[in-house]
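Only one structure is covered here, and it is reproduced in the block below.
The values are calculated or read from the model by the stated rules, or taken from the named source; none is laboratory data. Values in this document were obtained by computation on a predicted structure and should not be read as measured data. Here Cβ is always computed from backbone atoms with ideal geometry, including for glycine, and neighbour counts include all displayed protein chains.
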Amino acid sequence: MSAPLDFYLITDLHHYAHSLGITGEAYEKKNHREQLCLAETGPIIDAYIDKILEDKDTKIVLVAGDVSNNGAMESHLDLIPRLKRLKDAGKRIFLITATHDYYVEGNDVGKPVKLVGAEEIPAEYTQREQLLDLYHEFGLDEAISFHEESHSYCVQLQEGYRLLCLNDDGDRTFCGYSKDQTDWILGQIYKAKSDGEYIFGMTHHPTLPPMPLYPVISIHDMLGDWDNTTTVLADAGLELMFTGHTHMHNIGLKTTEKGNRYYDVNTSSLVGYPSNMRKVRIDDNKIEIHSISVDSFDWDLKGMTVDEYTKHHFSFMINAILDAAAEDIERFADLAESFSMRHEQTYKLKAPIMFVGKGLRKWTLGSAGKLLGVSKYIDPSVKDIVARDIILELIQNAFRGNEPYYPDTPVYIAVSAILDKVAKILSHFKKTKDIVPVLDALKRTFYNAEPDDYELTIDRKK
Ligand SMILES: [Fe+2]
Ligand SMILES: [Fe+2]
């Protein structure tokens, strides 16, 4: 019997130092393309730190990577004193870094900049190797084993409990574990088991899909070879992994062919929508996972709650993209760059983009159902819902977690009848056949697969 283990977990702090610029045209432009808060990150992080400090009994805090905005050195140097407040109060922090924490010279994406008036000027960037020194006191100094190539380490959290802090940032083209790293991980799991200790992990990239559509549209954001890797880990005896990166709040479960369970507890960004941290207790019988958010932070929230404020910021960009698709192709091209669509590509697709953009505003579930001959599946209570609103809500719900539209709800029945009919039509043509599985994944994204994404108790004896 060992004493229960208690800890907090925060992730994707994406801290943005105010010295990089929080006013002016260039800042406004960047802010409008951001799904996460930018100038507000410091106050939000401080509010969560205050909340953790109120809890005198819990001594451990995990941080799952992407701690800075694009690896600007100024952001790291502004974040570290904030984390030190936790240390000074006797907390132990175990932190990993990820791809947003450094920059590789010559890369087109993620270059840290300072925003001065309308200008973007290069900011001092952080190299991957520098992160080891910067954050050494936040976990690495307690390592009982260190995997140098990947910057991964293993720690003894307390008697009976070990944590694998797995860095999976690769070289920005591949995230995942090398053969050598995998061997080291399996060695650590084996060692913990043979010493009679419970071992679990933390890694930045999602190891199970946070929503069915995720691997279809963002496969490169998943941990490399995720399906096979999680089977190997689960069969070796690791059942619990904490992840970040997606900015979505989700808990995923898979059971391997050999019957071993594996949970991925994916936590939303502290500075995004929804803003949450996890509070976890593990004892000999069970694992209890809770979600906690702050009630306020030191910022003008314009009369909104924290949840409304982060949601407003999050939806602003999606609304802007949907509006631009209908009205302004140049603005759309500009915004589409933030999800890797090039200007030329956008202009080439101008006609279909604007057709769909305009259509989304006027098509309702009722009119689409009529057009496709599936009216009998469209309940009167949902027939006036506009396609654009469904899309916006689907995206918000996917990030928020516990997505509500289960297969017996009128929205799901209507949407699935429409999507099934579209899939049937597309399956007849060679060019569009490949879209059919995407539509199926889209349908499954309307509701939450078990388990609950916010509050979960796992029976360890099962
Ligand atoms: Fe990330
Ligand atoms: Fe992130």
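Being under 30 Å from Asn285 (Cα atoms) and either within 16 Å of ligand 2 (Cβ to nearest atom) or in contact (Cβ under 8 Å) with a residue 12 or more places away in the chain (or both) holds for only one residue in Asp46, Asp57, and it is Asp57.
Does segment 1-52 hold any residues that are in contact with a helix residue (DSSP H, G or I) (Cβ under 9 Å, 6 or more places away or on another chain), among the small types (Gly, Ala, Ser) and under 23 Å from Glu120 (Cβ atoms), and which are they? Answer for segment 1-52, where residues must be in contact with a helix residue (DSSP H, G or I) (Cβ under 9 Å, 6 or more places away or on another chain), among the small types (Gly, Ala, Ser) and under 23 Å from Glu120 (Cβ atoms): Ala17, Ser19, Gly21, Ala39, Gly42. Check segment 451-461 and report whether any residue there is within 30 Å of Leu238 (Cα to Cα), loosely packed, with under 15 Cβ neighbours inside 10 Å, acidic (Asp, Glu) and modelled with pLDDT under 95. No, every residue in segment 451-461 fails to be within 30 Å of Leu238 (Cα to Cα), loosely packed, with under 15 Cβ neighbours inside 10 Å, acidic (Asp, Glu) and modelled with pLDDT under 95.
Do we find a residue being more than 15 Å from ligand 2 (Cβ to nearest atom) and within 23 Å of Met248 (Cβ to Cβ) anywhere in segment 8-22? There is at least one residue in segment 8-22 that is more than 15 Å from ligand 2 (Cβ to nearest atom) and within 23 Å of Met248 (Cβ to Cβ).
Counting only helices (runs of 4 or more DSSP H) that sit completely within segment 343-462, zero hold 2 or more residues that are closer than 30 Å to Tyr198 by Cα and of a type in the set (A, V, I, L, M, F, W, C).
Which of the following residues is in contact with a Lys or Arg (Cβ under 6 Å, 6 or more places away or on another chain) and buried (at least 20 other Cβ atoms within 10 Å of the Cβ): Tyr273, Tyr263? So the residue among Tyr273, Tyr263 that is in contact with a Lys or Arg (Cβ under 6 Å, 6 or more places away or on another chain) and buried (at least 20 other Cβ atoms within 10 Å of the Cβ) is Tyr273. Exactly one residue out of Ile385, Ile395 is within 27 Å of Ile353 (Cβ to Cβ) and modelled with pLDDT under 95: that is Ile395. Can you tell me which residues in segment 232-260 are over 14 Å from Leu164 (Cβ atoms), within 22 Å of the chain's Cα centre (by Cα) and more than 14 Å from ligand 1 (Cβ to nearest atom)? If the condition is that a residue be over 14 Å from Leu164 (Cβ atoms), within 22 Å of the chain's Cα centre (by Cα) and more than 14 Å from ligand 1 (Cβ to nearest atom), then His249, Asn250, Ile251, Gly252, Leu253, Lys254 are the ones that fit. Just for segment 333-355: of the residues that are surrounded by 15 or more Cβ atoms within 10 Å (Cβ to Cβ) and of a type outside the set (Ser, Thr, Tyr), which one is modelled with the highest pLDDT? This residue is Met354. Evaluation of Met211 against the conditions (1) in a loop (DSSP other than H, G, I, E, B); (2) closer than 23 Å to Phe314 by Cβ; (3) within 12 Å of ligand 1 (Cβ to nearest atom); (4) not charged (D, E, K, R) shows that the sole unmet condition is (3). Looking only at residues in segment 66-103 that are of a type outside the set (S, T, N, Q), within 15 Å of ligand 1 (Cβ to nearest atom) and more than 17 Å from Ala17 (Cα to Cα), the one that is surrounded by the most Cβ atoms within 10 Å (Cβ to Cβ) is Ile96.
The single condition among (1) within 24 Å of the chain's Cα centre (by Cα); (2) more than 16 Å from ligand 2 (Cβ to nearest atom); (3) surrounded by 20 or more Cβ atoms within 10 Å (Cβ to Cβ) that Val63 does not meet is (2).
Comparison of Val436, Val374, Val386 shows that the only residue that is within 23 Å of Leu213 (Cα to Cα) and out of contact with any strand residue (DSSP E or B) (no Cβ under 9 Å at 6 or more places or on another chain) is Val436. When the residues of segment 277-327 are filtered to those that are free of Cβ contacts under 8 Å to residues at least 60 places away in the same chain and polar (S, T, N, Q), which remaining residue is nearest to Thr41 (Cα to Cα)? Filtering first and then ranking leaves Ser293.
If I filter segment 226-240 for residues that are over 25 Å from Glu455 (Cβ atoms), modelled with pLDDT under 95 and in a helix (DSSP H, G or I), do I get at least one hit? No, there is no match, as no residue in segment 226-240 is over 25 Å from Glu455 (Cβ atoms), modelled with pLDDT under 95 and in a helix (DSSP H, G or I).
Inspection of segment 107-116 identifies at least one residue that is in contact (Cβ under 8 Å) with a residue 60 or more places away in the chain, among the basic types (Lys, Arg) and more than 16 Å from ligand 1 (Cβ to nearest atom). Contact map, segment 433-445: first residue more than 21 Å from Met248 (Cβ to Cβ), second residue surrounded by fewer than 16 Cβ atoms within 10 Å (Cβ to Cβ) and modelled with pLDDT of 90 or more, Cβ cut-off under 7 Å, separation 6 or more or different chains; pairs are Lys433/Ser427; Val436/Ser427.
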